[in-house]
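In what follows, a single structure is set out as structure tokens and then discussed.
The values are calculated or read from the model by the stated rules, or taken from the named source; none is laboratory data. Here the structure is a predicted model, which is why all the values come from computation and not from measurement. Neighbour counts are summed over all protein chains in view; Cβ atoms, including those assigned to glycine, are modelled from backbone coordinates with ideal geometry.
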Amino acid sequence: MSDTPLSQISPASVYTERLATRRATVAALAARLDTLSYARLGAFLVVLVVAGLAFGAQLYSPWITLLPAFAFVYFVATFEAARGQKAWAERAARFYASGLDRLAGKPSGVGGGERFADVTHPYSDDLDLFGPSSVFERVTACRTRAGEDMLAAWLLNPASPVEVIARQEAVADLAARLDLREAVAVAGADTPAADYHPLAEWGTTPLDAPPRWKWWTVELLGLLNVFAWFGWFFIGTSALPVLAFGLPSLAIALPLMAWSRKVLKPLDRAAENLSLFEAVLSRLEREAFTAPRLKELQAAMRADGFAAAEQIRQLRVLLDGYNARRNAFFIPVAVLRIWNVRFAFKLEAWRARSGPAIAQWLRAIGEAESLSSLAGYAYENPTDIFPTVENGPVRLAAVGIGHPLIPAEKCVRNDVTLGGEGGPRVLIVSGSNMSGKSTLLRAVGVNAVLALAGGVVRATSFTLTPLALGATMRVQDSLQEGRSRFFAEVTKVRLLLDIATREGGPPLLFLLDELFAGTNSADRVAGAEGVTRALLAAGAIGFVTTHDLSLTAVTDAIPGAANVHFCDGFAGGELKFDYTMRGGVVPHGNGLALMRAVGLKV
């Protein structure tokens, strides 16, 4: 993909316009619901009056009652349809309101994927991938657990250049499809992160189905039971048919109860979220995509020539029928028709036909949602670009790189070059407190994560080769595990060295922030130099930040190392930062000035 912006159109203006339209629709439908509510009540009262005059006073034929009854049914149906439309418009309004919150740098409220947080991961915690105000929260638009799982996996596991290019093509195709993203956001049941994995497990669970003749016997006996009891109660026929059909029903149903429970138990709550599964599949199946990856996903949403959405619709209808047994008025019929066993046969037949494909459909939805999330992020950041990911000697070159979680208008950008022909392989970044050293490392790291996940990056130009990532930016001590911060950092560095030296793996991009700050100066410098040499010897590239200016001297002893710095000024009793990276060693620190600024006598 070329280093060109996706669009110059302001997403904020589009979101604002659509939000106003959806809110106007909500207001109009609310007014219509009030009118229909009164009309429904009026029609019901008319039914009562007409029925009273027809049946009580016998002024006219009782059939006249059907006219206001039909009107009442019409108003009820229209009211329910309008209520559904209002719910859709309200959710669409929330979709655009959340988008405007994201553009304003506010939490979108969709969840930060806290369940994926892992302090033992090489870079997840260091780069704020998960949790409140995280990369995941900023990017995700997933409505299923499968989508969240896949998006998290993409952020945690860099992809190959071929896979990145395939994802970029799909993201570019999806970026402009705002109507599709809105439709998916409001589709089906309003359930956050719906989990269909139990359904997929049920679909592949082997069960020994009873012989098919028992199914037909259950169906036949169920109908005969209904006729026998109807005749006995309402026509006055003999009770003999009740016994004649009831006893065989018990004889065949009781041995099948344990089997039916195995079939039905995993589906007890499945119907609640199937409307979302069906709606998302249906919407994705209808879209005319151009990207090869998206066409592959559409092909995966079929099984033996049957569309996945239609198969899920059939399952939902079956479960709705099965759940009719919960209606108190329907219980007698359910008992007579051997409802549980009957529907166990029906659902087992569906499972045998389509069950094994559920996992495939779920993977397709998960990938489509992950791509759509990256596409939504790209749409909302039209000046961000697709990076170039290419094979070759290890390299990362970025012009105008900034941190994606900092609003674009506040983001200070820098140029970074690591590796390649003649470029430094490690930058020793010196500078004072709060000058921007850690933010630079996180900017490079987060953009590399997004680049290797298939997304856009905050830069005007960004090229990199396949890389593994590792960082020591948020290493903490642990009271529970009885380890110091220094020990935790040493353990993390050991992990990064193992990744860097792993046979067959991509080179490591390391982000080492204030390395070994928990020990004395001499050990810190010696340790940092030794680790840096070992990483470079393993083919890695990266950064080492420091407050200790003695560490900057290692560039004289390590080939491929270069010094850069961030500086500050102190004026009017305040520190001033420009957050711009410059070549060389920082000329001064700000520690004493900062202490004096807060009133310490030093």
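Regarding THR25, is this residue of a type in the set (Val, Ile, Thr), at pLDDT 90 or above, surrounded by 13 or more Cβ atoms within 10 Å (Cβ to Cβ) and farther than 30 Å from ALA408 by Cβ?
Answer is yes for this residue.
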**Message:** Which pairs turn up if I take residues in segment 61-81 that are surrounded by 12 or more Cβ atoms within 10 Å (Cβ to Cβ) and look for partners that are of a type in the set (D, E, K, R) with beta carbon separation below 8 Å, at least 6 apart in sequence or on another chain?
**Reply:** PHE72/ARG40; PHE75/ARG40; VAL76/ARG40; PHE79/ARG40
**Message:** Condition first: in a loop (DSSP other than H, G, I, E, B) and surrounded by 15 or more Cβ atoms within 10 Å (Cβ to Cβ). Now tell me which residues in segment 196-236 satisfy that.
**Reply:** TYR196, ALA209, PRO210
**Flag if THR65 is more than 30 Å from THR140 (Cβ to Cβ), in the same structural domain as ASP34 (by TED's automatic domain parsing), modelled with pLDDT under 90 and not aromatic (Phe, Trp, Tyr)** = yes
**Asked** Condition test on THR144, is it of a type in the set (S, T, N, Q) and in contact with a strand residue (DSSP E or B) (Cβ under 7 Å, 6 or more places away or on another chain)?
**Response** yes
**Asked** With respect to ALA307, is the statement that it is in contact with a helix residue (DSSP H, G or I) (Cβ under 8 Å, 6 or more places away or on another chain), assigned by TED's automatic domain parsing to the domain that holds TRP202, surrounded by fewer than 18 Cβ atoms within 10 Å (Cβ to Cβ) and over 30 Å from ALA172 (Cβ atoms) true?
**Response** no
**Message:** Residues to consider are ALA344, ALA375, ALA352, ALA359; find the one that is assigned by TED's automatic domain parsing to the domain that holds ARG261, modelled with pLDDT under 95, assigned to a helix (DSSP H, G or I) and closer than 30 Å to LEU180 by Cα.
**Reply:** ALA359
**Request:** Could you run through segment 177-220 and say how many residues are more than 20 Å from LYS262 (Cα to Cα), of a type outside the set (A, V, I, L, M, F, W, C) and without any contact (Cβ under 8 Å) to a residue 40 or more places away in the chain?
**Result:** 2
**Prompt:** Could you list, in sequence order, the residues of segment 237-262 that are within 27 Å of LEU319 (Cα to Cα), surrounded by 14 or more Cβ atoms within 10 Å (Cβ to Cβ) and over 46 Å from the mean Cα position of the chain (by Cα)?
**Reply:** PHE245, GLY246, PRO248, SER249, ILE252
**Request:** List the number of the failed condition for THR545; all other conditions in (1) part of a strand (DSSP E or B); (2) of a type in the set (S, T, N, Q); (3) over 24 Å from ARG395 (Cβ atoms) hold.
**Result:** (3)
**Prompt:** Restricting attention to segment 275-329, and to residues there that are assigned to a helix (DSSP H, G or I), β-branched (Val, Ile, Thr) and touching a residue at least 12 places away in the same chain (Cβ under 8 Å), which single residue is nearest to SER370 (Cα to Cα)?
**Reply:** VAL280
**Message:** Condition check: at pLDDT below 95, under 30 Å from PHE95 (Cα atoms) and either part of a loop (DSSP other than H, G, I, E, B) or assigned by TED's automatic domain parsing to the domain that holds VAL531 (or both). Does VAL449 satisfy that?
**Reply:** no
**Residue that is nearest to PRO393 (Cα to Cα), among those in segment 488-508 that are in contact with a Gly (Cβ under 6 Å, 6 or more places away or on another chain) and part of a helix (DSSP H, G or I)** = ILE499
**Message:** Condition first: buried (at least 24 other Cβ atoms within 10 Å of the Cβ), assigned by TED's automatic domain parsing to the domain that holds PRO393, of a type outside the set (A, V, I, L, M, F, W, C) and assigned to a strand (DSSP E or B). Can you find one or more residues in segment 428-445 that meet it?
**Reply:** yes
**Item:** Members of segment 120-142 found to be of a type in the set (A, V, I, L, M, F, W, C) and in a helix (DSSP H, G or I), listed by number
**Value:** VAL135, PHE136, VAL139
